[in-house]
Amino acid sequence: MTHASTKPHIPDEFHVRDLYHPDVMANPYPYYAHLRDEPIQFGLEDYPPGTIPGLDKPYPAWVVLKHADVQEVCRRADVFSSRDIMQEESEAPTLMLVNHDDPRHAELRKIAQMAFSPKRVMSDVAPWMETTVEAQLDMVGGGTVDFMQDLAPNLPALVMTKLIGTPEEDYVLLRRWANAFMVTSDFTLAERQQCNIELWNYYQSAVDQRYADIETGKPVPDDLMSGFIQTESNGSRLTREEVVRFCLTLVVAGAETTGYLLGNLIDVLADDPEMYATLRTDRSLVRAFIEESLRRDGPVQRLHRVCTQDYELGGAQIREGDWVAIFHASANRDPAVFERPDEFILKRPNMIKQATFGHGIHHCMGAGIARNEAAQMINSLLNRYSRLESAGERVRQRGGLLNYGLETCPVNLVV
């Protein structure tokens with residue numbers, strides 16, 4: 001069983017400032033439940049992506065845990081800004097879309113949607129993804145493997161090389177850079193700094209080369225990098241720096257998070273062999289299985305917003321300039337919305353209300369890609385192995401509060 005299967009003793013005086021504790025990161029849901037019906041508390045000091053513990057100083061934030069309140073913050077993008085002042089003040093690159101407000105956000109999203117053509121991100125990638133997953137499974141074969149070390153992190157990073165248009169063999173670099181940027185895994189201060197520099201330089205060099213190829217008339221692949229460079233909307237194009245930032249954003253937002261998603265799916269199957277047998281018999285349930293995992297065990301825990309005016313939220317008087325941490329993961333287990341929220345219910349009727357990919361203008365553009373990666377991995381496992389069994393203790397990561405995911409996941413793949 002995973003660490004998250006245990007229920008900790010929570011003292012009555014537990015405060016949101018205590019959420020940034022390794023034991024809570026490994027098993028946060030009981031703590032969310034403990035706090036959810038209390039008045040909204042202020043004081044969590046946590047790190048946005050790209051910032052560096054020990055170097056950057058976090059702003060204290062209000063912690064929003066109820067589904068209705070999280071949705072309200074997401075809807076009121078006019079009040080709750082996505083601009084990340086802490087990230088801007090740090091040495092980290094500012095992310096595209098994630099850290100923009102309207103009207104610029106709307107302009108950027110329109111260009112991105114045009115670049116994210118179904119051909120580029122779906123039809124061209126689907127057969128490649130199937131072949132890539134099969135190759136990964138060929139390498140591990142059968143028997144005991146650590147899914148989080150040997151499989152889960154590889155596919156999302158490989159998909160990013162394919163979508164963006166960089167060498168496939170660089171996926172190992174992308175994995176490391178994304179882990180460091182997302183402030184989840186354990187890195188030293190110097191390692192995080194170096195990873196951020198390497199990440200920026202890598203995509204700046206790749207984008208410069210692509211611009212040079214286009215300018216000299218050299219044929220270029222029809223990938224997202226080309227799409228970001230060439231797409232025009234109402235006479236507006238991305239600057240060269242914005243193209244670099246878009247490539248970087250895709251990697252840090254998609255590589256690590258989807259790896260944790262894949263691990264969380266396997267965690268369910270290792271705990272419930274009957275679920276594996278059910279999915280193997282009826283593949284139409286695979287998508288529902290993924291959706292319920294996204295709700296109950298979605299990797300993304302929270303995002304930050306900054307209040308632009310005095311505002312009352314759930315009884316809390318939030319002031320202009322205050323930071324707000326919205327916990328999508330807590331919203332997904334709010335009993336006011338989801339019956340028996342801690343249980344895994346395959347055909348949950350109100351699944352559409354799950355909040356993992358956000359809500360409103362900042363709904364994740366990569367949600368379809370992540371779902372397709374998950375479906376391909378699960379279906380390939382079901383095709384190849386008759387059973388999937390637990391093969392030891394599964395341990396959750398304790399390096400950061402942004403993502404909920406496994407660090408180790410030993411399973412036995414039975415052919």
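Observations on the model:
- Some residue of region 88-95 being of a type in the set (S, T, N, Q) and more than 21 Å from the chain's Cα centre (by Cα): yes
- Test for residue 339: is it more than 18 Å from residue 113 (Cα to Cα) and open to solvent by 70 Å² or more (accessible area, probe 1.4 Å): yes
- Filter pass, residue 295 being on the phi > 0 side of the Ramachandran plot and not aliphatic (A, V, I, L, M): no
Table: residues versus (1) out of contact with any Lys or Arg (no Cβ under 8 Å at 6 or more places or on another chain); (2) modelled with pLDDT under 95; (3) among the polar types (S, T, N, Q).
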| residue | (1), (2), (3) |
| --- | --- |
| 39 | yes, no, no |
| 48 | yes, yes, no |
| 57 | yes, yes, no |
| 62 | yes, no, no |
| 65 | no, no, no |
| 72 | yes, no, no |
| 80 | no, no, no |
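- Number of residues in region 184-241 that are of a type in the set (Ser, Thr, Tyr), under 22 Å from residue 170 (Cα atoms) and in contact (Cβ under 8 Å) with a residue 12 or more places away in the chain: the value is 6.
- Boolean, residue 378 is crowded, with 21+ Cβ neighbours inside 10 Å, farther than 22 Å from residue 27 by Cα and at pLDDT 95 or above: yes
- Set 249, 257: member being closer than 30 Å to residue 143 by Cβ and out of contact with any Ser or Thr (no Cβ under 6 Å at 6 or more places or on another chain): 257
- Residue, most open to solvent (accessible area, probe 1.4 Å), within region 60-78, restricted to residues that are assigned to a loop (DSSP other than H, G, I, E, B) and under 18 Å from residue 363 (Cβ atoms): 78
- Of all residues making up region 286-336, the number that are within 23 Å of residue 266 (Cβ to Cβ) and open to solvent by less than 10 Å² (accessible area, probe 1.4 Å): 14
- Any hit, region 106-119, residues being without any contact (Cβ under 8 Å) to a residue 40 or more places away in the chain, more than 19 Å from residue 184 (Cα to Cα) and among the polar types (S, T, N, Q): no
- Reported count of residues in region 79-98, each being surrounded by 22 or more Cβ atoms within 10 Å (Cβ to Cβ) and charged (D, E, K, R), is 1.
- Applying a threshold of 7 Å to beta carbon distances and a minimum spacing of six or more residues, or different chains, the list of pairs starting in region 45-61 at a residue that is polar (S, T, N, Q) and ending at one that is in a loop (DSSP other than H, G, I, E, B) reads 51/90; 51/92; 51/183.
- Pair list, Cβ < 9 Å and 6+ apart or interchain, from region 306-326 residues that are free of Cβ contacts under 8 Å to residues at least 12 places away in the same chain to residues that are open to solvent by less than 50 Å² (accessible area, probe 1.4 Å) and in a strand (DSSP E or B): 310/318; 312/318; 317/311
- Test for residue 320: is it in a loop (DSSP other than H, G, I, E, B) and not aliphatic (A, V, I, L, M): yes
- Selection of region 43-59 for residues being outside any loop (DSSP other than H, G, I, E, B) and within 27 Å of residue 197 (Cα to Cα) yields 45, 53, 56.
- Taken over region 197-245, the criterion of being hydroxyl-bearing (Ser, Thr, Tyr) and open to solvent by less than 40 Å² (accessible area, probe 1.4 Å) is satisfied by 203, 211, 226, 231, 233, 236.
- Qualifying residue in region 272-284 (condition: without any contact (Cβ under 8 Å) to a residue 40 or more places away in the chain, assigned to a strand (DSSP E or B) and open to solvent by 40 Å² or more (accessible area, probe 1.4 Å)): no
- Entirely in region 104-194, the helices (runs of 4 or more DSSP H) that have 2 or more residues that are exposed (fewer than 15 other Cβ atoms within 10 Å of the Cβ) and hydrophobic (A, V, I, L, M, F, W, C): 104-115, 126-140
- Some residue of region 2-20 being in a strand (DSSP E or B) and under 19 Å from residue 298 (Cα atoms): yes
The values are calculated or read from the model by the stated rules, or taken from the named source; none is laboratory data. The shown structure was predicted, so the numbers you read here are calculated from the model rather than taken from an experiment. Here the Cβ is made from the backbone with ideal geometry for all residues, glycine too, and neighbour counts use every protein chain on show. Calculation scope for accessible area: heavy atoms of the full protein, side chains included, ligands and nucleic acids excluded. Shrake-Rupley method; radii C 1.70, N 1.55, O 1.52, S 1.80 Å.
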